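The values are calculated or read from the model by the stated rules, or taken from the named source; none is laboratory data. Everything numeric here is computed off the predicted structure, so don't read it as measured data. Please note: Cβ atoms are built from the backbone with ideal geometry, for glycine as well, and neighbour counts cover all protein chains shown. Quick note on the areas: whole protein, heavy atoms, side chains included, nothing else; ligands and nucleic acids left out. Shrake-Rupley method; radii C 1.70, N 1.55, O 1.52, S 1.80 Å.
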Amino acid sequence: MSSTLGSSIGKKLLMSISGLFLILFLIVHLTVNSLLLVPDGGDLFNAGAHFMATNPAIRVIEPLLAIGFLVHIIYGVKLTLENRKARGPARYASGKKTTGVTWASQNMLVLGITVAAFLVLHIANFWVKMKLTGDPLLEHTTVDIAGVPTEVENAYALVNATFGYLWIVVVYVIGAVGLAIHLSHGFWSAFQTIGFSNLKWRKRLSVLGNIFAWIIGIGFSSIAVLQYLFYQPN
Amino acid sequence: METTINIKLKVWRQAGPKAKGRFETYELNNISTDSSFLEMLDILNEQLINEGKEPVAFDHDCREGICGMCSLYINGRPHGPDDDVTTCQLHMRKFKDGETITVEPWRSAGFPIIKDLIVDRTAFDKIIAAGGYISVSTGGVPDANAIPIPKEDADEAMDAASCIGCGACVAACKNGSAMLFVSAKVSQLALLPQGRVEAARRAKNMVAKMDELGFGNCTNTGACEVECPKGISLANIARLNREFLKAGIQD
């Protein structure tokens, strides 16, 4: 099995599996984030965030998620470096005029770096404050969860205040669009790599992948933009 | 009615594997648009020999698109501007009068240059030798329909078998990956009962040899499929991934 994972297809398998795992994470993340748009002063979002923070299953998955990110990033860089070496130093003087190759598929590392750069800001904005340092905005508030009044952190206040800055919203939109373009190739490519594709499924997977990519991209960016435009306190 | 064009050729010249190469420009007049690209290069070489110069070295053999010997990266595309043809099947009517045509060798670390436009493609032979065959017990000729094979499988196997191993896939790939070639060679046998016997071993050995020879990792860009003169499909790469991962799980 070690020789399988060490081979070119094995390394791609690790990219594929970690990528699909990160896709699952994105679905959960966007679902919870969509609660930010419920105009109830953030109670439902706070309840959702509380559920995510206290749910034992999520606590188990969180370190796995970190490993998923690391594997995806490390192998992405490793594969790209190997591929540059395999390609050799000489370039074609007459360029590349091959048609029908998507820009995304040839720039996955650049798109990945865009997403990773966004992640640094994103983690500093929320994860660090919620899990490590705390923030005055996170002061407890009471929400009604299934009829039971529960004291929870006011995550909504932190999100709402963060999206009050235009530059942060702009960076989030850039990150989300970069992610969408990354996924427009990554989604179908992950299935191709594990062998789940053929003449029929290739078309289906790339259509599905494009739809998914833009639901994620437009979903995340529109939440940030709408928060900036319509959900600010004054 | 025959029409002729005048062209300028920008050709890669390199004396040997270690020598430093450069582009040389040549002018060719009155080239018939009915001639093939290789016939045009023959005319160029005749002209060069008459001038007492060294002719351009390029690979060619059958000149009917089935041997996989001709290569050439022409004006930004392997096998030139036409689709689904090899360089020998490319006609000069695809070029305009007065056009400058750039001719380069395949460029990939797996295919080192031997001379001018000729690259060393023995890496492909080594991959085939690692498992691209079936071990047949020879004997009497079996009945044609003794082993029933679904039409779809036979068709797909035949499509995969049309790979001529020219290397355009590697030349077009930004990763210098040979996956389209290897996947065609694995698929043509994996789809048929006779090839199933050694399927797991074949997939493992051919991929191991491909990695060992320094070809890159496939990132599914699909440039190979677009430039393949035989239209080999990316679906073969998915099949190779399946065969290889299945073989890994069996261990």
(Q) Being within 14 Å of chain A (Cβ to nearest Cβ), out of contact with any strand residue (DSSP E or B) (no Cβ under 7 Å at 6 or more places or on another chain) and free of Cβ contacts under 8 Å to residues at least 12 places away in the same chain is the requirement here; does B:K94 meet it? (A) no
Q. Hey, any hits in the range B:51-72 for a residue that's within 14 Å of another protein chain (Cβ to nearest Cβ) and either assigned to a loop (DSSP other than H, G, I, E, B) or within 18 Å of A:A93 (Cβ to Cβ) (or both)?
A. yes
(Q) Go through (1) surrounded by 14 or more Cβ atoms within 10 Å (Cβ to Cβ); (2) over 22 Å from the mean Cα position of the chain (by Cα) for A:V148 and report which single condition fails. (A) (1)
Q) If B:G98 passes every condition in (1) of a type outside the set (D, E, K, R); (2) open to solvent by less than 70 Å² (accessible area, probe 1.4 Å); (3) not in a loop (DSSP other than H, G, I, E, B) but one, which one does it miss? A) (3)
Q. In the range B:106-118, how many residues are open to solvent by less than 40 Å² (accessible area, probe 1.4 Å) and facing chain A (nearest Cβ under 9 Å)?
A. 5
Q. So which pairs qualify, if the first residue must be in the range B:208-233 and within 20 Å of B:G65 (Cβ to Cβ) and within 7 Å of chain A (Cβ to nearest Cβ), the second must be open to solvent by 10 Å² or more (accessible area, probe 1.4 Å) and hydroxyl-bearing (S, T, Y), the Cβ gap must be under 9 Å, and the two must be at least 6 apart or on different chains?
A. B:V226/A:T98; B:V226/A:T99; B:E227/A:T98
Q: Quickly run through the range A:187-202 and pick out the residues that are at the interface with another protein chain (Cβ under 8 Å from one of its Cβ atoms), within 23 Å of the chain's Cα centre (by Cα) and of a type in the set (G, A, S).
A: A:S189
Q. Here are A:I23, A:I17: which of them is open to solvent by less than 50 Å² (accessible area, probe 1.4 Å) and either of a type in the set (V, I, T) or not in a helix (DSSP H, G or I) (or both)?
A. A:I23
Q.
Only one of B:R121, B:R196 is among the charged types (D, E, K, R) and more than 24 Å from B:D61 (Cβ to Cβ). Can you tell me which?
A. B:R196
Q | Hey, A:A66 within 16 Å of the chain's Cα centre (by Cα) and either within 7 Å of chain B (Cβ to nearest Cβ) or of a type outside the set (K, R) (or both) or not | A | yes
Q: Would you please name the residue that is nearest to A:R59 (Cα to Cα), looking only at residues in the range A:91-134 that are surrounded by 15 or more Cβ atoms within 10 Å (Cβ to Cβ), of a type in the set (G, A, S) and within 14 Å of chain B (Cβ to nearest Cβ)?
A: A:G112
Q) Going through the range B:207-224 one residue at a time, which ones are on the phi < 0 side of the Ramachandran plot, open to solvent by 20 Å² or more (accessible area, probe 1.4 Å) and among the small types (G, A, S)? A) B:A208
Q: Would you mind finding the one in B:S187, B:S183 that is open to solvent by less than 10 Å² (accessible area, probe 1.4 Å), of a type outside the set (K, R), within 13 Å of another protein chain (Cβ to nearest Cβ) and more than 16 Å from the chain's Cα centre (by Cα)?
A: B:S187
**Q.** Condition met for B:K204 (open to solvent by 20 Å² or more (accessible area, probe 1.4 Å) and at the interface with chain A (Cβ under 10 Å from one of its Cβ atoms))
**A.** yes
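Restricting the search to the range B:234-251, which residues are charged (D, E, K, R) and either more than 7 Å from chain A (Cβ to nearest Cβ) or open to solvent by less than 30 Å² (accessible area, probe 1.4 Å) (or both)?
Narrowing the range B:234-251 to residues charged (D, E, K, R): B:239, B:242-243, B:246, B:251.
Those that are charged (D, E, K, R) and either more than 7 Å from chain A (Cβ to nearest Cβ) or open to solvent by less than 30 Å² (accessible area, probe 1.4 Å) (or both): B:R239, B:E243, B:K246.
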Q: With the condition kept exactly as written, say whether any residue in the range A:195-208 is part of a helix (DSSP H, G or I), within 19 Å of A:L119 (Cα to Cα) and modelled with pLDDT of 95 or more.
A: no
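Each row is one residue, and each column tells you yes or no for (1) under 16 Å from the mean Cα position of the chain (by Cα); (2) free of Cβ contacts under 8 Å to residues at least 60 places away in the same chain.
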site: B:T100; (1), (2): no, no
site: B:I118; (1), (2): yes, no
site: B:A123; (1), (2): yes, no
site: B:I127; (1), (2): yes, no
site: B:S137; (1), (2): no, yes
site: B:N145; (1), (2): no, yes
site: B:P148; (1), (2): no, yes
site: B:E152; (1), (2): no, yes
site: B:I164; (1), (2): yes, no
Q.
surrounded by 14 or more Cβ atoms within 10 Å (Cβ to Cβ) and touching a strand residue (DSSP E or B) at 6+ places or on another chain (Cβ under 8 Å): is that true of A:N46 in this structure?
A. yes
Q.
Anything in the range B:126-173 that is in a loop (DSSP other than H, G, I, E, B), within 30 Å of B:G76 (Cβ to Cβ) and aliphatic (A, V, I, L, M)? List them, or say none.
A. B:I164
Q: Could you please find all residues in the range B:195-251 being modelled with pLDDT of 95 or more, part of a helix (DSSP H, G or I) and among the polar types (S, T, N, Q)?
A: B:N205, B:N236, B:N241
